[in-house]
DNA sequence: TCAATGCTTCGGTTAGGATCGAAGTATGAA
DNA sequence: TTCATACTTCGATCCTAACCGAAGCATTGA
């Protein structure tokens, strides 16, 4: 009598307003923390945690632990396509809730991820460092080469001092706007701080965006070329 | 107050098991009475009536009064397409309502998807039409070629008549059991109707299965060969 | 070591809605 | 008219799950 896929489970997962708002917030492609998603859903952190666990169990979300944050993102682009098709249908039936402002391209280009550089420029920086032989990528881990230590020292990074801290020097951090890795760890932090100190870039107030000056951008791109 | 189309309403409508069962039953393409749908949903008539009113208000169902019966059917083929895509997703996540029975293999082989042929045979038919140059696949869309129009005319399909309807002629529909596309749209409907008219196949009562006669199956396979 | 942050788990409350019995309306047949 | 069928509406019950406060766990930085 009952045969075929169980659409009720999927529907129920999407059918709760708080969950639907969280999923909609994730449609931008970026991974968000549980706290951010709680805000998007208009609920407290505890409730959001329960919802996120259900969405993950249902295969709609994927979770990635990153330090003391937990980043949630749509499990894959099939989920995005599914949500998009439901959105299209809902719109065609007049089930609309209006959406405000534009996106933030600046955030995708360069932003702060805790204390290091993420976004397009963050990904480019790590790619360039690997291509130059300054950092070697082994499986999941990254390690600074001797050539890299010299190279970064010439920029003004005191690698020896960084090594004395307990925090790992190099760490890979998955970038969800780019879906590729960028450089975290104390070295990642030191590099971003270095850019700020040199006046190449500055933070936008109340935002994670990083704004490069025109001169700073030129120097940054020259320092981290793409060898394509 | 939030963003975009309201997917929660649609999700909630599909998310109730009784409603999902009724919608699945309507994927068979024919209109069913409230009593029949109550049986499909495993609920009493009163409860079914409340559910059907909600589904109609949500734009998923259309109602037609005929005598003292009230026939319900999917509002249009967009609904069928939406449900099929959710089914495909649910199947890919292993959300199967498994009541394993003899119907299951038959359902995977050939079934009705709203009003056209799906399953293994539905996928084969589209593949064969594309391989024969009758249909060309462009990006996500399908279009009938002139050669295809002649070819289908020889089978007995009046393509010109189909073109006069408002409904799209060719449409791709993702198949949940095969995870590949089959042919929807008015042409898909016309082909299935053609098979029924010729006596090649018939519907199984109270099921979405399509059963081919041995002669009909031979002719179908000859008409839509796989050139592998 | 301690404090701060980010998130999860636990426990108890509450609201929504799914459900069905009973009664009401509409259509058709006898 | 009378009965039967098909469905809807009303009213009451009951149960799930959404919700949040508080406490617990984990990671990080100092």
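Here are some notes:
- Number of positions in segment B:30-39 that are within 12 Å of DNA strand C (Cβ to nearest atom) and within 14 Å of chain A (Cβ to nearest Cβ): 3
- Screening residue A:100 on (1) at pLDDT below 85; (2) under 20 Å from the mean Cα position of the chain (by Cα); (3) closer than 24 Å to residue A:211 by Cα shows it passes everything except condition (2).
- Test set (1) outside any helix (DSSP H, G or I); (2) within 13 Å of DNA strand D (Cβ to nearest atom); (3) within 28 Å of residue B:83 (Cβ to Cβ) - residue A:70 fails condition number: (3)
- Unmet criterion (only one of (1) in a strand (DSSP E or B); (2) more than 17 Å from the chain's Cα centre (by Cα); (3) away from DNA strand D (no atom under 11 Å from the Cβ)) for residue B:18: (1)
- Filter pass, residue B:110 being buried (at least 18 other Cβ atoms within 10 Å of the Cβ) and farther than 23 Å from residue B:170 by Cα: no
- When each of B:198, B:189 is tested for being modelled with pLDDT of 85 or more, buried (at least 18 other Cβ atoms within 10 Å of the Cβ) and assigned by TED's automatic domain parsing to the domain that holds residue B:109, the lone residue that passes is B:189.
- Evaluating residue B:153 against the criteria (1) in the same structural domain as residue B:217 (by TED's automatic domain parsing); (2) in contact (Cβ under 8 Å) with a residue 60 or more places away in the chain; (3) in a helix (DSSP H, G or I) leaves one unmet condition, (2).
Residues are listed down the side, and each one gets a yes or a no for (1) out of contact with any strand residue (DSSP E or B) (no Cβ under 8 Å at 6 or more places or on another chain); (2) within 27 Å of residue B:203 (Cβ to Cβ):
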residue: B:11; (1), (2): yes, no
residue: B:14; (1), (2): yes, yes
residue: B:24; (1), (2): yes, yes
residue: B:38; (1), (2): yes, yes
residue: B:46; (1), (2): yes, no
residue: B:50; (1), (2): yes, no
residue: B:53; (1), (2): yes, no
residue: B:61; (1), (2): no, yes
residue: B:66; (1), (2): yes, yes
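- Tally, over segment B:28-42, of residues that are away from DNA strand D (no atom under 11 Å from the Cβ) and touching a helix residue (DSSP H, G or I) at 6+ places or on another chain (Cβ under 6 Å): 2
- Each residue in segment B:185-209 was checked for being part of a strand (DSSP E or B) and within 14 Å of chain A (Cβ to nearest Cβ), and 1 pass.
- Within the set A:23, A:52, the sole residue that is part of a helix (DSSP H, G or I) and within 14 Å of another protein chain (Cβ to nearest Cβ) turns out to be A:23.
- Count of segment B:55-73 residues, restricted to those that are within 12 Å of chain A (Cβ to nearest Cβ) and away from DNA strand C (no atom under 13 Å from the Cβ), is 4.
The values are calculated or read from the model by the stated rules, or taken from the named source; none is laboratory data. Fair warning: this is a prediction, and the values are worked out from it, not measured in the lab. Here the Cβ is made from the backbone with ideal geometry for all residues, glycine too, and neighbour counts use every protein chain on show.
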